[in-house]
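What follows is one structure encoded as structure tokens, with my remarks underneath.
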Amino acid sequence: MKKLKGVCIGAGYFSQFHYEAWKRIPEVEIMAVCDLSIEKARKICDAYGFSNAYNSLEEMLQKEAPDFLDIITPPETHLKFCKLAIEKNVNVICQKPLTPSYEESTLIAKAVADSNIRAMVHENFRFQPWHREIKRLLDKEVIGDKLHTINLRMRMGDGWQEDAYMNRQPYFREMEQLLIYETGIHFIDLFRYFSGEIHQVYAKLKTLNANIKGEDFAWVHFDFVNGMLGFLDANRYNENTSDDPRLTFGNILIEGNKGSLRLYDDGQITLQLLGEKEQKHVYAFTNINFAGDCVYFTQKHFVEQLLNNKPFETGVSSYLKNLKIQNAIYESNERNEVVFIDS
């Protein structure tokens with residue numbers, strides 16, 4: 001079996017999920033880890049059994065000559081790191097947000113298109129097992145061949161404190177754009193995954209916690225090209241009643257011309273056909289790593305598509321549409337009007 005040689009950059013909070021998942025993918029061998037702090041890189045290597053630690057990405061790419069680079073760093077570094085990988089003819093999987101701006105993201109997309117490498121955004125929400133199962137049921141038209149609405153409600157409860165987001169991700173407090181930029185982008189991708197293209201949005205954003213800079217509340221109305229309507233009701237300030245709000249990150253109701261699908265905060269899916277009672281839909285998932293092991297499934301998809309020369313579901317060029325919609329949401333809130341998204 002051919003093994004892909006991988007290297008990674010980043011040793012922050014979320015990187016632990018990447019490293020643990022890579023260890024379970026037999027087609028991959030992680031050769032080295034890079035971080036500005038060589039000590040942090042060495043700790044990662046010691047913890048997961050990787051060989052080499054670096055504090056220079058260029059040096060790591062030069063010495064290791066990997067097949068791919070996993071970028072697990074803040075978005076303002078992504079353009080530079082992607083360009084370095086492209087120069088070294090190294091494939092890329094890059095955490096979201098792809099970059100701080102749509103314009104920078106288009107530069108990455110163009111550089112990838114002009115090169116021989118392939119690049120994918122690590123957009124893991126669509127790889128959560130309940131979302132894959134919902135997509136399978138929608139494709140089977142279990143609630144009909146015409147979808148009416150999708151509603152997603154999220155309450156994280158990790159952003160009401162004075163030290164909001166605590167030690168896990170304290171930098172959230174300083175971000176000028178927060179909820180849509182950092183979390184809502186997942187839901188934009190998820191809505192497109194379930195229901196196709198979005199052509200207009202209307203948004204209301206607020207900052208509920210006076211101790212942070214960015215928005216932590218969002219009501220967003222989506223119009224889909226196929227006539228479906230969507231609504232996102234999200235905030236990170238108020239709490240929900242689930243044992244683990246970070247399992248599914250919200251609950252979902254999808255309605256069609258034959259009935260409804262519901263996702264609950266514990267990962268349970270139910271089906272209610274018109275004229276019938278709600279029934280539990282039986283499927284299985286494993287609650288390990290992060291949010292139903294979605295990091296593993298995302299990285300597994302990257303590896304399989306790379307080895308088989310097949311397109312990524314979240315390739316950089318296709319992901320640009322998500323960023324257009326994200327920008328339109330901020331624009332709609334600022335202008336207090338519907339914003340249309342060009343194709």
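The values are calculated or read from the model by the stated rules, or taken from the named source; none is laboratory data. Keep in mind it's a predicted model, so treat the numbers as computed, not measured. Methodologically, a virtual Cβ is constructed for each residue, glycine included, from the backbone with ideal geometry; neighbour enumeration extends over all protein chains shown.
So the values come out like this:
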read-out	value
Total residues in segment 250-281, condition assigned to a loop (DSSP other than H, G, I, E, B) and either modelled with pLDDT under 95 or in contact with a Phe, Trp or Tyr (Cβ under 6 Å, 6 or more places away or on another chain) (or both)	1
Filter result (more than 21 Å from residue 88 (Cβ to Cβ) and within 21 Å of the chain's Cα centre (by Cα)) within segment 16-27	16, 17, 19, 20, 21, 23, 24, 25
Residue satisfying all of: in segment 160-191; touching a helix residue (DSSP H, G or I) at 6+ places or on another chain (Cβ under 9 Å) and among the acidic types (Asp, Glu); surrounded by the most Cβ atoms within 10 Å (Cβ to Cβ) among these	189
Residues (in contact with a helix residue (DSSP H, G or I) (Cβ under 9 Å, 6 or more places away or on another chain), aliphatic (A, V, I, L, M) and part of a loop (DSSP other than H, G, I, E, B)) located in segment 202-224	212
Conditions (1) among the polar types (S, T, N, Q); (2) assigned to a strand (DSSP E or B); (3) touching a Ser or Thr at 6+ places or on another chain (Cβ under 8 Å); number of the one not met by residue 99	(2)
When residues of segment 285-316 are limited to those that are of a type in the set (S, T, N, Q) and surrounded by fewer than 17 Cβ atoms within 10 Å (Cβ to Cβ), the one nearest to residue 214 (Cα to Cα)	287
Residues of segment 307-343 classified as aliphatic (A, V, I, L, M), more than 19 Å from the chain's Cα centre (by Cα) and in a helix (DSSP H, G or I), total	1
Selection within segment 78-91 - polar (S, T, N, Q) and in contact (Cβ under 8 Å) with a residue 40 or more places away in the chain	91
Candidate set: segment 1-55, residues that are farther than 23 Å from residue 169 by Cβ, among the acidic types (Asp, Glu) and without any contact (Cβ under 8 Å) to a residue 60 or more places away in the chain; chosen: the one surrounded by the most Cβ atoms within 10 Å (Cβ to Cβ)	29
Qualifying residue in segment 221-232 (condition: surrounded by fewer than 17 Cβ atoms within 10 Å (Cβ to Cβ), in the same structural domain as residue 175 (by TED's automatic domain parsing), polar (S, T, N, Q) and touching a Gly at 6+ places or on another chain (Cβ under 9 Å))	yes
Residues satisfying the stated conditions in segment 135-150, i.e. part of a helix (DSSP H, G or I) and over 17 Å from the mean Cα position of the chain (by Cα)	136, 137, 138, 139
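Residues checked against (1) touching a residue at least 24 places away in the same chain (Cβ under 8 Å); (2) among the charged types (D, E, K, R):
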{"position": "129", "(1), (2)": "yes, no"}
{"position": "132", "(1), (2)": "yes, yes"}
{"position": "140", "(1), (2)": "no, yes"}
{"position": "143", "(1), (2)": "yes, no"}
{"position": "148", "(1), (2)": "yes, no"}
{"position": "151", "(1), (2)": "yes, no"}
{"position": "154", "(1), (2)": "yes, no"}
{"position": "157", "(1), (2)": "yes, no"}
{"position": "160", "(1), (2)": "yes, no"}
